[in-house]
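The numbers here are math on the coordinates, done by the rules we state, and not lab data. A quick note: this is a predicted structure, and the numbers were derived from the prediction, not measured. Cβ: placed from backbone, ideal geometry, glycine included. Neighbour counts: every protein chain shown.
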């Protein structure tokens with residue numbers, strides 16, 4: 001294959017703008033798959049992706065295509081669209097020379113369209129604007145072109161108008177890829193090997209499989225390779241490409257995207273974004289610029305519902321983190337839940353997806369504790385301490401000040417919903433910054449807001465207020481001081497650490513009251529009275545009481561003096577008092593699940 005005939009490209013867009021459907025049509029029109037084999041979301045290999053209609057994992061596929069009597073190799077790298085999976089997009093773009101910027105004609109430019117475009121520009125990619133869903137009744141092509149020009153700064157006058165669903169004009173997209181996206185300029189088989197590892201996953205039968213793009217040189221079977229940054233050595237057991245079926249090859253040459261099966265058994269030795277070269281390379285080869293590193297923003301405790309599955313949960317996190325480099329975890333334990341892990345995520349959808357993957361792929365039911373963010377504590381001895389788990393919160397007397405992470409959010413919405421959205425964001429401690437008018441119908445609200453305020457149902461709330469029209473994007477802007485307290489929950493005077501939270505003082509009573517009321521409904525009655533309390537330090541701010549079972553000890557009496565009844569009731573009272581002193585409450589596991597689902 002001539003290097004001039006290789007095209008590496010990605011499809012970038014906001015969630016639900018039609019990336020996977022366009023990828024399906026490209027596979028169909030290039031005959032990469034037969035009519036019998038084609039189905040919706042060909043490149044979405046997980047059941048979870050098909051059920052939710054979203055792309056979670058990137059996927060790389062090599063497509064052969066004949067154009068003007070010449071053979072071309074199109075390497076398509078599919079990308080997710082949700083803000084929580086930006087790290088997947090950045091890895092795809094690091095292995096591409098061009099990108100199709102897909103915009104939905106019914107929704108126009110949306111937050112992740114902008115974020116993904118900036119990622120593509122940072123990687124110096126050729127951008128091809130494409131407007132999708134032109135067959136829909138409410139498609140507004142002129143408005144969409146105007147938004148692409150005004151918001152993104154890209155001339156969309158000759159943007160391709162397609163329907164990925166029906167296949168209309170999709171062939172023109174393929175031709176545009178060949179004609180406008182540059183071939184890998186520095187691809188040279190004769191140079192020393194330099195390959196970027198942009199993804200990896202664990203196969204039960206074959207072990208660890210690496211996805212990579214060869215920038216320079218060649219990779220052969222049985223070759224000995226080494227990671228430049230981590231210094232780990234590997235052997236190439238087998239190699240090949242996806243078409244999207246696995247196809248074994250003898251070698252991968254410069255400019256190609258493919259996979260290699262290695263002899264590595266220890267998952268932790270793999271570094272996604274690292275550069276591979278030949279082992280003991282005498283030349284000092286600089287590592288390729290990988291992808292933009294991502295930092296977890298939301299943390300939650302993961303505990304196995306069945307304690308004997310702790311080891312399987314650890315293996316699950318190991319294997320998932322191999323292909324998901326943004327996932328971090330460390331061991332922790334809780335008095336109430338036993339041994340588990342503190343896991344870091346990019347957002348709530350990311351948390352939800354990982355939890356479902358563990359339960360489906362590894363058959364481990366997981367209890368996830370209340371999500372929290374990283375807080376910055378300035379202690380009285382002037383030392384700085386960062387905590388992500390409320391359990392690590394020191395005594396208030398040792399703390400000089402507390403700072404919480406803030407984010408800049410941009411909410412895109414039609415004008416008529418702006419008033420209600422502003423009211424809602426103010427209830428979440430949002431600080432107004434600006435209102436930008438992008439078009440007659442679409443405005444952008446800009447706020448600074450504590451990250452902790454958007455990790456709960458913020459996304460669902462703004463969707464509900466705007467009848468589904470609004471969307472938002474966010475970026476971290478640093479830490480700001482806040483009047484924050486640690487809210488603890490006690491059941492029968494015993495602290496349940498899994499429920500502890502760090503929150504703003506103004507919200508403490510409302511949240512404390514809601515939680516104790518929920519616990520009262522969930523915890524079953526015992527033979528003794530149970531006090532459920534919410535506390536800040538030593539101060540109780542909310543309380544509910546679960547009354548003890550009451551046995552009718554006088555039910556069998558009939559007639560006689562009333563003093564007999566009083567005597568039996570007094571005896572019962574003494575017994576209850578004794579039980580109250582020695583009783584301990586066993587919380588059912590579903591209590592944790594139900595409380596953690598409480599808004």
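What length, rounded to one decimal in nm, is gained on full extension from residue 5 through to residue 206, with 0.36 nm per residue of separation minus their alpha-carbon distance? Computed gain between residue 5 and residue 206 is 69.2 nm. Ranking of 279, 165, 194, 574 by neighbouring Cβ atoms within 10 Å, starting from the fewest: 574, 279, 165, 194. Taking a point 7 Å out from the Cα of residue 483 in the direction of its Cβ, the residues of segment 400-433 whose backbone N falls within less than 20 Å of it are 400-406, 425-432. Over segment 194-278, what is the relative contact order in whole percent, taking alpha-carbon pairs under 8 Å and six or more residues apart? So the answer I get is 39 percent. Gain on full extension, evaluated as 0.36 nm per residue between residue 436 and residue 168 minus their Cα-Cα distance, stands at 93.0 nm.
Of the residues 9, 215, the one with the fewest other Cβ atoms within 10 Å heads the list, and the complete ranking is 215, 9. In this calculation the C-beta distance from residue 386 to residue 506 is compared with R0 = 22 Å, giving a FRET efficiency of 0.40. With both labels modelled 7 Å from their Cα along Cα-to-Cβ, the residue 279 to residue 231 distance reads 1.6 nm. For 157, 300, the sequence from fewest to most other C-beta atoms within 10 Å is 157, 300. For the pair residue 312 and residue 549, a Förster radius of 35 Å applied to the C-beta separation gives a FRET efficiency near 0.35, rounded to the nearest 0.05. With a Förster radius of 60 Å applied to the C-beta separation of residue 135 and residue 513, the computed FRET efficiency comes to 0.70. Compared with the direct C-alpha span, the chain from residue 158 to residue 460 gains 105.1 nm at full extension, assuming 0.36 nm per residue.
Note on segment 375-481: along the principal axes its Cα atoms extend 55, 22, 19 Å, ordered by decreasing extent.
Note on residue 569 and residue 175: the model spin-label points, each 7 Å out from Cα along the C-beta direction, lie 9.4 nm apart.
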